[in-house]
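One structure is given below, encoded as structure tokens.
The values are calculated or read from the model by the stated rules, or taken from the named source; none is laboratory data. Worth saying up front: this structure is predicted, and the values here are computed from it rather than measured. Neighbour counts run over all protein chains shown; Cβ positions are idealised from the backbone, glycine included.
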């Protein structure tokens, strides 16, 4: 009698490729492995950096209680068969820099990364983290040739988390009771929505006066810049990594969560052929559907102003490439 196993479905571990082993990429690799979500391939053009980070994280497995594989490499072939590809590679913001200052350099980096990654992982879903995020997401979509639902940007989750934190601090309540919604571009013209931001279901417009809400909105819009100014030599990475990890987890576990992410629009909110932050049902198929909220005239105007800046960035980037 043969003892050979003929199991019809061999166990194939999920794999996430992270392009860029800087602070965001390295922290994301840690989050994914320690939550036991997937094996991780960490790629960078600087030889030694991804290998060192991967080994450091690997040596913590016994303490953190997981057996996930974590590999560092400079070879895109090592990312083959990834279920999710996250692009964090690019220059970080420095004091006095806007996200748009990074446009030309990061456009070339993201396009190259997307093209090389898709060649080895044609079935992957792509998440873009590199700034200016909405523009880079559009470029990654063009570079991969994928259906738009399989390309998305991490932005609204981070911006909403910042708004959520500031609301909780202002009211002295647990962040678990606060739900915040921020739409639009990941930049100074993002659109926090107080009407759709609540504490245990109560809109913050009933809990805070207009001046206080305006102050929290302003701080949310400048959340990234505030950290850059404080750190001087870099920008935020803990919260961006956590926000991206939420997306990876939602995709891999098919949680079908409604999350604010940079999704491709086909007429929703009277916008087309653009990636911008909107509430989206996210699952194993990627950005499965966009929820079109009933915005007021002023909110819709703000969203369109935000989109206009993204459109200008896309046009400039395409002209530079």
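On the basis of being under 16 Å from residue 32 (Cβ atoms) and surrounded by fewer than 23 Cβ atoms within 10 Å (Cβ to Cβ), does residue 64 make the cut?
Here the answer is yes, as residue 64 does meet what is asked.
Could you count how many residues in region 128-143 are within 10 Å of residue 262 (Cα to Cα) and surrounded by fewer than 24 Cβ atoms within 10 Å (Cβ to Cβ)?
Residues meeting the conditions: 0.
Look at residue 131 and say whether it is out of contact with any helix residue (DSSP H, G or I) (no Cβ under 7 Å at 6 or more places or on another chain) and either free of Cβ contacts under 8 Å to residues at least 40 places away in the same chain or farther than 18 Å from residue 303 by Cα (or both).
no
Looking for something modelled with pLDDT under 95, outside the structural domain of residue 312 (by TED's automatic domain parsing), surrounded by 24 or more Cβ atoms within 10 Å (Cβ to Cβ) and not in a helix (DSSP H, G or I) - is there at least one such residue anywhere in region 93-111?
no
Looking at region 275-291, can you tell me whether even one residue there is in contact with a strand residue (DSSP E or B) (Cβ under 6 Å, 6 or more places away or on another chain), part of a helix (DSSP H, G or I) and surrounded by 14 or more Cβ atoms within 10 Å (Cβ to Cβ)?
no
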